[in-house]
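Notes follow once the structure below has been shown.
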Amino acid sequence: MYNAIEEAIHFMVLAFKGQRRKNENIDKSFHSMSVGMMIRNVTETQDVIVAALLHDIINDTEYGYEEIEEKFGTLVADIVMDLSEDHSRTKWLDRKKDFIERMRDNADINVINIMVADKLHNLLSDYELYQKMGDKMWKYSKGTKEENSWLYKECYYIAKKKGASEWLLGRYKKILLEYFGDLDEESI
C-alpha cells in the first residue's frame, strides 16, 4: 500500500502518461517530480508535498478538483486549484495576469512556495536552450521575452513580499537575473 506521497507520484505519472515537456524530450511528469522535491526541501508537511507533485494536474490533464479532493483531500485539492490557471481566458497573457492577481491575494505560504518552485523549475528546464540560443529562445515561448520577464519577476516580488522560502528565493533570484537582468527589489 502506497503512502500519500507515493500515491501522488503514481497518480501524477499516470495522469501525464504520453505527455512531453515543451523544448525538452522528457516526460511531463519530470517537472512535477522536480517541483515536489524542491518543496520537500522546505517542508515536511505531507499534504503540501503532495500538492506540489500534483500542481499541474488540473491545468494539463483530464482530472479536476473533484478527483484530487476524493483521492488526496480538500487541502491538497484547494492548493492545486489555487495554482491552476483560468483556461476560460484564451490568451496566454490574460491567464498570466489573472494568475498574478490571484497570487497577490493568496495568503497561503505553501501556495506561494509551490509557485516559486514551479517557476524556478520552468526556468531551469529551459536553461540549456537559453545557453545555446540566448534571447532567441523566447520565440519558442508562448509569451514574448518582455511578457515572460514581467511574469517571472512578478512571481519573485510576490514571493519575496510574502516571506517565501529563502532557499527557493535564492535559487530563483539567481536564474531570474541570468535570464532577465535587474530586479527592482526597492518596490517590494
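Which of LEU93, PHE16, ILE39 sits closest to the plus end of the dipole of segment 1-101, meaning its Cα is farthest towards the positive end, when Lys and Arg get +1 and Asp and Glu get -1 on the C-beta?
LEU93
In whole Å, what is the distance between the alpha-carbon centres of segment 26-98 and segment 126-153?
Value for the Cα centre distance between the two parts: 23 Å.
Using a/c under 1.5 as the rounded threshold, could you call segment 1-79 rounded, prolate or oblate? The axes a ≥ b ≥ c are square roots of the C-alpha gyration tensor eigenvalues, and prolate needs a/b larger than b/c, oblate otherwise.
Numbers: a/c = 1.76, a/b = 1.26, b/c = 1.39.
Oblate.
Dipole size in debye (nearest 20) for the chain around its Cα centre, Lys and Arg Cβ +1, Asp and Glu Cβ -1?
So the dipole magnitude of the chain works out to roughly 800 debye.
Cross-link list LYS71/LYS153; LYS91/LYS161; LYS71/LYS173: which exceed 32 angstrom alpha carbon to alpha carbon? Please list the in-between numbers first.
Details: LYS71/LYS153 34 Å; LYS91/LYS161 28 Å; LYS71/LYS173 35 Å.
Over 32 Å Cα-Cα: LYS71/LYS153; LYS71/LYS173.
How many nm is it between the label spots at GLU62 and MET81, if each spot is 7 Å from the Cα in line with the beta carbon?
Between GLU62 and MET81, the label points sit 2.2 nm apart.
Counting only protein heavy atoms and a 1.4 Å probe, tell me what percentage of the chain's accessible area is made up of carbon and sulfur. Before the final figure, lay out the partial values.
Details: 4590 of 9880 Å².
C and S atoms contribute 46 percent here.
How far apart, in nm, are the 7 Å Cα→Cβ label points at LYS136 and ASP98?
Rounded to a tenth, the inter-label distance reads 3.5 nm.
Counting Lys and Arg as +1 and Asp and Glu as -1, each charge on the Cβ, what is the dipole of segment 1-40 about the Cα centre in debye, to the nearest 20?
Roughly 220 debye, rounded to the nearest 20.
Which helices pass in the chain if a helix is a full DSSP H run, must span at least 27 angstrom along its long axis by Cα, and must have mean Kyte-Doolittle hydropathy not below -1.0?
Passing helices, by number: 109-133.
As a check on your grasp of the helix formula, calculate [θ] at 222 nm for the chain: sum -39500 (n - 2.57) over DSSP H runs of n ≥ 4, divide by the residue count, round to the nearest 500. Please report the intermediate quantities before stating the final value.
Details: 10 runs with 126 residues, N = 188.
After summing the helix terms and dividing by the residues of the chain, the value is -21000 deg cm²/dmol.
The values are calculated or read from the model by the stated rules, or taken from the named source; none is laboratory data. Worth saying up front: this structure is predicted, and the values here are computed from it rather than measured. Neighbour counts run over all protein chains shown; Cβ positions are idealised from the backbone, glycine included. Keep in mind that these areas ignore ligands, DNA and RNA; they rest on the heavy atoms of the full protein, side chains included. Shrake-Rupley method; radii C 1.70, N 1.55, O 1.52, S 1.80 Å.
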